[in-house]
Amino acid sequence: MTTTPMASMRLDKWLWCARFYKTRSLSAQEIDKGRVTVNGQLAKPSREVRPGDTLVMRQGPVERTVAVRALSGLRGPAPAAQLLYEETAESLARRAEAAEMRRLAPEPAATLQEGRPTKRDRRNIDQARDWGQRWSASIDD
């Protein structure tokens, strides 16, 4: 039995085989959300990809641009999956820049000065908000 090389395969399956997404259904969901384009056009999960196609996908805050180099019907180990595509130099530079920005960004929790109110602070806040027995904000005479 001879095996012929594949000419094309489904986009969702290729993304799964190339290990961009953990499951095939996750790759299909991301494609349906419009986060993956093929050759500049929005795609459906059933779209056929061929070697030479250019994919732009958004993973979190980072956009990746890859060129399809090969097709595989099986999800193999990561080193084999990396042979299926080639990421562009601009995409690598954008990812490195985004990683550096995340590294340099301050931790949001570190910007808090006072933190959570203590029990005493909470009582004082509640007393300051107390309007007595009034049920509305209007002034009654």
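Please give the number of the condition G76 fails out of (1) at negative phi; (2) over 23 Å from the mean Cα position of the chain (by Cα). Every listed condition holds for G76 apart from (2). The set of residues in the range 30-70 that are within 12 Å of the chain's Cα centre (by Cα) and of a type in the set (S, T, N, Q) contains only Q59. Of the residues making up the range 48-83, just one is open to solvent by 50 Å² or more (accessible area, probe 1.4 Å), closer than 14 Å to R10 by Cα and among the hydrophobic types (A, V, I, L, M, F, W, C), namely L74.
The residues in the range 6-28 that are open to solvent by 90 Å² or more (accessible area, probe 1.4 Å) and over 13 Å from L74 (Cα atoms) can be counted, and the count is 1.
The values are calculated or read from the model by the stated rules, or taken from the named source; none is laboratory data. Model, not experiment: these values are computed from the prediction. Please note that ligands, DNA and RNA were not included when accessible areas were found on the heavy atoms of the full protein model with its side chains. Shrake-Rupley method; radii C 1.70, N 1.55, O 1.52, S 1.80 Å.
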